[in-house]
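*Asks:* Structure incoming, see below.
The values are calculated or read from the model by the stated rules, or taken from the named source; none is laboratory data. Computed from a predicted model, the values in this text were never measured in an experiment. All Cβ positions, glycine included, derive from the backbone under ideal geometry; neighbour counts span all protein chains shown. These area figures cover heavy atoms from the full protein model, side chains too; ligands, DNA and RNA do not enter into them. Shrake-Rupley method; radii C 1.70, N 1.55, O 1.52, S 1.80 Å.
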Amino acid sequence: MATQEETFKKIVAHCKEYGFVFPSSEIYDGLGAVYDYGQNGVELKNNIKHYWWDSMTLLHENIVGIDAAIFMHPTTWKASGHVDAFNDPLIDNRDSKKRYRADVLIEDQLGKIEEKINKEIEKARKRFGEQFDEAQFRATNGRVLEHQAHFDQLHTRYSEAMNKMDLAELKQIILDEEIVCPISGTRNWTDVRQFNLMFSTEMGSTADGAMKIYLRPETAQGIFVNYLNVQKTGRMKLPFGIAQIGKAFRNEIVARQFIFRMREFEQMEMQFFIKPGTEHEWFNHWREFRLKWHKALGLGDEKYRFHDHEKLAHYANAATDIEFQMPFGFKEVEGIHSRTNFDLSQHAKFSGKKIEYFDPETNTSYTPYVIETSIGVDRMFLSIMCSAYKEEQLEGGDSRVVLALPPVLAPVKACVMPLVKKDGLPEKAREIQNMLKFDFKTNYDEKDSIGKRYRRQDAIGTPFCITVDHDTLTDGCVTVRYRDTMTQDRVKIEDLHELIYKACDMKQLYRKIVAQ
Ligand code: GAP
């Protein structure tokens with residue numbers, strides 16, 4: 001059995017081999033933590049965005065969309081707090097000249113201790129077999145207790161240092177834990193210092209007095225600064241939401257795990273403006289709604305969990321993450337935050353504009369509170385790829401790699417294949433493809449054996465393969481082969497549209513969400 005790490009490597013390789021994700025500017029050896037989506041990746045990504053966008057703007061008549069610019073007035077980022085506080089604690093190793101995030105070095109150390117505990121448990125499980133009682137073993141085994149005490153002490157010390165952003169203490173922890181640089185193997189560390197994650201550039205020519213501007217690190221601020229525009233022009237009444245999908249940029253120092261942590265990525269964010277005092281009710285509403293959205297895809301309910309934040313940002317009064325079980329553990333895919341009136345108040349203060357809502361019911365004006373839902377498109381993409389990738393052993397010693405993607409998200413819905421390249425079969429196959437192509441993304445393939453063609457479609461997750469044979473010309477039927485079961489049916493050509501539509505129509509997911 002492959003380890004989780006090996007499986008993840010295979011998923012990354014598969015993404016490249018089948019046109020889902022390529023390293024950016026690969027002919028120049030790539031650019032760290034920047035990726036391009038290929039011919040199949042872009043279709044899957046667009047389907048994810050479509051699913052999110054319509055679930056916001058079609059299912060909610062009080063949610064509208066915008067598409068704000070990536071560049072924003074630099075004061076935006078002063079007001080939002082990003083200029084002063086969007087920092088990571090960094091440390092350099094003097095021998096390797098490599099730079100690390102101090103918090104990540106310590107978290108890796110915590111991970112190593114956990115690994116030691118897990119190894120002891122796995123060893124004991126093998127020794128004791130069915131009688132093994134993990135809880136009792138954890139509570140009594142000397143080595144496990146020792147590692148656990150070490151873990152708890154380090155965890156407490158680390159959390160306190162991070163809460164206070166005590167940089168000297170973070171360095172001291174690294175020294176006390178004898179953490180070495182993975183490259184040089186030495187403990188020759190510099191002091192820890194803060195590093196701002198925003199990319200900056202200049203707008204205008206230097207002679208005119210160029211202005212330092214930032215590439216937005218989140219799409220949310222584009223929504224906040226447009227609150228008044230949308231509220232007034234759309235005559236929106238509270239509660240209402242503004243949704244946006246767009247690129248965000250962060251100069252991540254530790255960019256790891258493929259497209260999980262990127263320097264250029266895409267967010268789908270929705271800010272829901274509400275009356276102060278109703279935030280707990282709306283926070284719970286969005287928490288539940290967003291989980292339903294994830295679960296409706298059918299990747300497996302057990303793969304999701306909430307991680308409620310104990311430590312909140314100074315402006316938030318509740319926050320939770322929806323985590324997904326990746327091959328490298330449960331990881332955040334989406335954040336749901338109750339942001340109070342912090343952002344709108346800050347923009348009012350820095351712009352000098354009155355940013356309020358006149359409530360006709362109470363005849364009063366106030367600054368709305370906000371519940372935010374924020375999900376990374378790329379992380380969502382990764383979670384779908386990880387759950388879809390399967391290696392299957394087949395009867396007769398054969399094997400296949402199949403992407404069991406939810407059909408609604410699959411890049412290609414159907415591939416039409418003439419059994420042979422003659423006797424009028426290609427023409428008939430093209431005729432069927434032409435009939436389907438206005439509604440579904442289809443492929444046409446006439447090369448190699450049917451078996452090889454099936455494997456190619458399995459590898460990109462195509463739910464239906466449609467084979468045209470000699471009988472088709474007389475009986476008007478084709479063979480439909482299903483990706484997941486590999487079973488086949490004889491289907492009338494005029495029934496194909498309905499068959500594909502039933503499996504790939506997003507409306508079925510929306511109905512599931514609304515009915516739950
Ligand atoms: N406006 C709130 C906000 O940006 P966040 O938790 O920093 O909150 C929200 O980001 C989501 O954006 C995350 O849950 C994740 O899915 C995605 N995300 C954040 N940083 C990312 C990165 N470097 N690479 C890929 N996705 C990222």
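*Asks:* Quick check on segment 243-255. Is at least one of its residues modelled with pLDDT under 95, of a type in the set (Gly, Ala, Ser) and within 13 Å of the ligand (Cβ to nearest atom)?
*Replies:* yes
*Asks:* Are any residues in segment 102-127 open to solvent by less than 100 Å² (accessible area, probe 1.4 Å), in contact with a helix residue (DSSP H, G or I) (Cβ under 9 Å, 6 or more places away or on another chain) and of a type outside the set (A, V, I, L, M), and if so, which ones? Break it down stepwise before answering.
*Replies:* As a first pass, look at segment 102-127 and keep what is open to solvent by less than 100 Å² (accessible area, probe 1.4 Å): 102-111, 113-114, 117-118, 120-122, 124-125.
Then keep just the ones that are in contact with a helix residue (DSSP H, G or I) (Cβ under 9 Å, 6 or more places away or on another chain); that gives 102-103, 105-107, 109-110, 113-114, 117, 120-121, 124-125.
Within segment 102-127, Asp103, Glu107, Gln109, Glu114, Glu120, Arg125 qualify.
*Asks:* If you don't mind, there's one more thing I want to ask. Name the single residue, out of those in segment 357-386 being within 16 Å of the ligand (Cβ to nearest atom) and either among the small types (Gly, Ala, Ser) or in a loop (DSSP other than H, G, I, E, B) (or both), that is nearest to the chain's Cα centre (by Cα).
*Replies:* Gly376
*Asks:* OK, next. Kindly indicate whether Ile173 is buried (at least 16 other Cβ atoms within 10 Å of the Cβ), out of contact with any Ser or Thr (no Cβ under 8 Å at 6 or more places or on another chain) and not in a helix (DSSP H, G or I). Can you show your working first?
*Replies:* Working: buried (at least 16 other Cβ atoms within 10 Å of the Cβ): yes; out of contact with any Ser or Thr (no Cβ under 8 Å at 6 or more places or on another chain): yes; not in a helix (DSSP H, G or I): no.
No: the conditions fail for Ile173.
*Asks:* Out of segment 288-303, which residues are touching a Lys or Arg at 6+ places or on another chain (Cβ under 8 Å) and surrounded by 19 or more Cβ atoms within 10 Å (Cβ to Cβ)?
*Replies:* Within segment 288-303, just Ala296 meets the criteria.
*Asks:* Moving to a separate point now. List every residue pair whose Cβ atoms sit under 8 Å apart, with the two residues 6 or more apart in sequence or on different chains, where the first one lies in segment 56-80 and is of a type in the set (Ser, Thr, Tyr) and the second, anywhere, is at pLDDT 95 or above and assigned to a loop (DSSP other than H, G, I, E, B).
*Replies:* Close Cβ pairs (under 8 Å, with a partner that is at pLDDT 95 or above and assigned to a loop (DSSP other than H, G, I, E, B)) amount to Thr76/Val225.
*Asks:* While we're here: Would you point out which residue out of Gly32, Gly65 is within 27 Å of Leu409 (Cβ to Cβ) and among the small types (Gly, Ala, Ser)?
*Replies:* Sole residue among the options that is within 27 Å of Leu409 (Cβ to Cβ) and among the small types (Gly, Ala, Ser): Gly65.
*Asks:* Before we move on, is Val402 within 29 Å of Ala296 (Cβ to Cβ) and either within 32 Å of the chain's Cα centre (by Cα) or in a loop (DSSP other than H, G, I, E, B) (or both)?
*Replies:* Spelling it out, Val402 is indeed within 29 Å of Ala296 (Cβ to Cβ) and either within 32 Å of the chain's Cα centre (by Cα) or in a loop (DSSP other than H, G, I, E, B) (or both).
*Asks:* Another question, then. Considering only strands (runs of 3 or more DSSP E) fully contained in segment 405-491, which possess at least 3 residues that are without any contact (Cβ under 8 Å) to a residue 40 or more places away in the chain and under 25 Å from Leu509 (Cα atoms)?
*Replies:* The qualifying strands (runs of 3 or more DSSP E) are 477-482.
*Asks:* How many residues does segment 316-356 contain that are part of a strand (DSSP E or B) and either within 10 Å of the ligand (Cβ to nearest atom) or open to solvent by less than 10 Å² (accessible area, probe 1.4 Å) (or both)?
*Replies:* 15
*Asks:* Still on this structure, I have one more. Show me the helices (runs of 4 or more DSSP H) entirely contained within segment 1-110 in which 2 or more residues are away from the ligand (no atom under 16 Å from the Cβ).
*Replies:* 4-17, 39-57, 75-79
*Asks:* Given the conditions (1) away from the ligand (no atom under 16 Å from the Cβ); (2) more than 30 Å from Phe8 (Cβ to Cβ); (3) open to solvent by less than 40 Å² (accessible area, probe 1.4 Å); (4) aliphatic (A, V, I, L, M), which single one is not true for Met203?
*Replies:* (3)
*Asks:* Specify which of the listed residues (Arg261, Arg193) is of a type in the set (Lys, Arg) and within 16 Å of the ligand (Cβ to nearest atom).
*Replies:* The unique qualifying residue is Arg261.
*Asks:* Would you check if there is a residue in segment 371-384 being of a type in the set (Phe, Trp, Tyr) and touching a Leu at 6+ places or on another chain (Cβ under 8 Å)?
*Replies:* Yes, segment 371-384 contains at least one residue that is of a type in the set (Phe, Trp, Tyr) and touching a Leu at 6+ places or on another chain (Cβ under 8 Å).
*Asks:* Does segment 398-412 include one or more residues that are open to solvent by 50 Å² or more (accessible area, probe 1.4 Å) and modelled with pLDDT under 95?
*Replies:* Within segment 398-412 (the criterion being open to solvent by 50 Å² or more (accessible area, probe 1.4 Å) and modelled with pLDDT under 95), the answer is yes, since at least one residue qualifies.
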